[in-house]
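The next block holds one structure in the form of structure tokens; read it before the comments.
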Amino acid sequence: MSENKNIIHNHTHSDDHAHSQLPSDPELRVKAVETLLLNKGLIDSRTLDELIDTYENRIGPQNGAKVVAKAWVDEEYKKRLLNDATSAIRELSYQGRQGENMVVVENTPNVHNVVVCTLCSCYPWPVLGLPPTWYKSDEYRSRTVREPRKVLSEFGLSLDPKVQVKVWDSTAELRYLVLPMRPDGTENMDETELAELVTRNSMIGTGLPKEIK
Amino acid sequence: MSRLHDMGGRFGDGPIPVPRNNKNEVINFESTFKHNWQAKAWAITLAAGALGEWNLDISRHYRECLPPKDYINFSYYEKWLAALTNLLIDKKLISLDELKEYVAAAKKGNLDKFSNQNVILDDRTWLAEDVQKTLGWGGPSIRDTNVSPIFNIGDKIITQSYSPNKNVNGGHTRLPTYAMGRVGKIYSYNKNHVFPDKNAHGLGESPLPLYTVEFKSSELWGISAEHENDSIFLDLWEPYLNPYKD
């Protein structure tokens, strides 16, 4: 095949990795690179502060919880959410980086969905924030596609054998959000109260919403 | 042909590190970053990426290309920082000499000697006032092209049985090893998306049809499948797929 002639390896660092120069203490490592980039004017410290503040304080699972609660009380919204999640989520002003193409998958009495990224750590930032440590762990990434039921049991979730498990491995730029089932006994609750029941893990598929006590 | 990051289905990993409180209940909230250096490693990676010298696929590939011993030993944000450092050098945004100089100072605890009140920002530098706008726009991978998908919903396909990157030996791809050479069914067509196998190597965006493909658990794992009714869905580009006839 002529294609073979095009085989290239366009990395200059493969034999002598620059990162091996870095000190072993990660704090020092980051400080050295950060200071260098700041002094070269390639990054601005106010931008770093704004980014960190955004994902520590403004963007997180509380966003996704509002999407879920709205879908629980508004059947038309739920239809739009399942049909075109990106647009429906944008109705609540959640959009952008790592949520450009959203897909919502619905749990039912017969189907339980769970989301993973086996190749890296793809996660729907605008609705869930940055991923928790366990989501990025080798254990979760390697095992969830092969033994999802065992993995879920470690989160305290035991599924009836009759329930089908659907695992979504985010291998491209689609980002998945699970729509959990509305808990029993919540008929009189409004959207704000319902959002309080929606846990982060229930939107990844490794948990369920809080029960009414 | 695989790399360590391609770990789906691997044996040997222990229990999921699920955080629990002292009543043994699963904790659903944890701080975004446990240490300040993690926040900084993450933020400088985003800010440096905004300079426009590389794309998301290139940065993913750099993380995947860390030597196996480092990939295993590094924590998550250590991988990010190591890959970023290699990118900064390869794209000539910093030099190795500069890096060595700053590292030496960091080890001696006197990075302050470089402090400069008169830094002139590069024209490309991401400004704080643009952060929300840029995040809100994101980096859409869908492209309007006239490429029509060759598969229909419900079609049976078989995935490539070897690493599908035809352009670069050991190159970036998003077809995991565990799903290579397996029969699946087209579940949905998701328009045409930038093709990582080329984009990660600066070979152009080449947007191509992206499908969600359903695989039965038993097709992927044989007799060791946990439950015959379960399915695994992957988002796969057209070149990863071939038609399958029963």
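The values are calculated or read from the model by the stated rules, or taken from the named source; none is laboratory data. Just so it is clear, the model here is predicted, and its values are computed rather than measured. All Cβ positions, even for glycine, are placed from backbone atoms using ideal geometry, and neighbour counts span all protein chains on display.
Among the residues of region A:74-109 satisfying the criterion of being crowded, with 16+ Cβ neighbours inside 10 Å and farther than 23 Å from B:Ile142 by Cβ, which is nearest to the other protein chains (Cβ to nearest Cβ)?
Once the filter is applied, the top-ranked residue is A:Asn107.
Only one of (1) modelled with pLDDT of 95 or more; (2) within 19 Å of B:Ile27 (Cβ to Cβ); (3) part of a loop (DSSP other than H, G, I, E, B) fails for A:Glu211. Which number is that?
(1)
Looking for whichever is over 20 Å from A:Tyr55 (Cα atoms), surrounded by 20 or more Cβ atoms within 10 Å (Cβ to Cβ) and more than 13 Å from the chain's Cα centre (by Cα) here; the options are B:Leu87, B:Leu96. Which one fits?
Sole residue among the options that is over 20 Å from A:Tyr55 (Cα atoms), surrounded by 20 or more Cβ atoms within 10 Å (Cβ to Cβ) and more than 13 Å from the chain's Cα centre (by Cα): B:Leu87.
Which of the residues spanning region B:151-198 are hydroxyl-bearing (Ser, Thr, Tyr), under 18 Å from the mean Cα position of the chain (by Cα) and modelled with pLDDT under 95?
Selection gives B:Ser163 alone.
Identify, please: which residue in region B:85-129 is basic (Lys, Arg) and within 7 Å of chain A (Cβ to nearest Cβ) and is, among those, nearest to A:Val30 (Cα to Cα)?
So, considering only residues that are basic (Lys, Arg) and within 7 Å of chain A (Cβ to nearest Cβ), the one nearest to A:Val30 (Cα to Cα) is B:Lys107.
What tally of residues in region A:139-157 results from selecting those that are within 19 Å of A:Ser202 (Cβ to Cβ), within 7 Å of another protein chain (Cβ to nearest Cβ) and outside any helix (DSSP H, G or I)?
Summing the residues that are within 19 Å of A:Ser202 (Cβ to Cβ), within 7 Å of another protein chain (Cβ to nearest Cβ) and outside any helix (DSSP H, G or I) in region A:139-157 gives 2.
Identify the single condition in (1) out of contact with any Gly (no Cβ under 8 Å at 6 or more places or on another chain); (2) assigned by TED's automatic domain parsing to the domain that holds A:Glu173; (3) surrounded by 23 or more Cβ atoms within 10 Å (Cβ to Cβ); (4) not in a helix (DSSP H, G or I) that A:His112 does not satisfy, given that it satisfies every other one.
(1)
Is it the case that A:Asn6 is in contact with a Gly (Cβ under 9 Å, 6 or more places away or on another chain) and modelled with pLDDT under 95? Spell out how you get there, then give the answer.
Details: in contact with a Gly (Cβ under 9 Å, 6 or more places away or on another chain): no; modelled with pLDDT under 95: yes.
No; evaluated as a whole, the condition is false for this residue.
Where in region B:131-246 are there strands (runs of 3 or more DSSP E), lying wholly inside it, with at least 2 residues that are surrounded by 16 or more Cβ atoms within 10 Å (Cβ to Cβ) and facing chain A (nearest Cβ under 8 Å)?
Details: elements: B:156-159, B:183-193, B:208-216, B:231-237, B:241-243.
Qualifying strands (runs of 3 or more DSSP E): B:183-193, B:208-216, B:231-237.
Quick one: count up the residues across region B:216-246 that are polar (S, T, N, Q) and more than 17 Å from A:Arg149 (Cβ to Cβ).
Final tally of qualifying residues: 1.
All but one of (1) more than 30 Å from A:Leu42 (Cα to Cα); (2) free of Cβ contacts under 8 Å to residues at least 40 places away in the same chain hold for B:Arg174; which doesn't?
(2)
Being more than 22 Å from B:Tyr77 (Cα to Cα) and either among the basic types (Lys, Arg) or in contact (Cβ under 8 Å) with a residue 12 or more places away in the chain (or both) is the filter here, so list the residues in region A:157-177 that pass it.
Correct list: A:Leu157, A:Leu159, A:Lys162, A:Val163, A:Gln164, A:Val165, A:Lys166, A:Val167, A:Trp168, A:Leu174, A:Tyr176, A:Leu177.
Residue by residue through region A:119-133, note down the ones that are at the interface with another protein chain (Cβ under 10 Å from one of its Cβ atoms) and in contact with a helix residue (DSSP H, G or I) (Cβ under 7 Å, 6 or more places away or on another chain).
Listed by number, the residues that qualify are A:Cys120, A:Ser121, A:Pro126, A:Gly129, A:Leu130.
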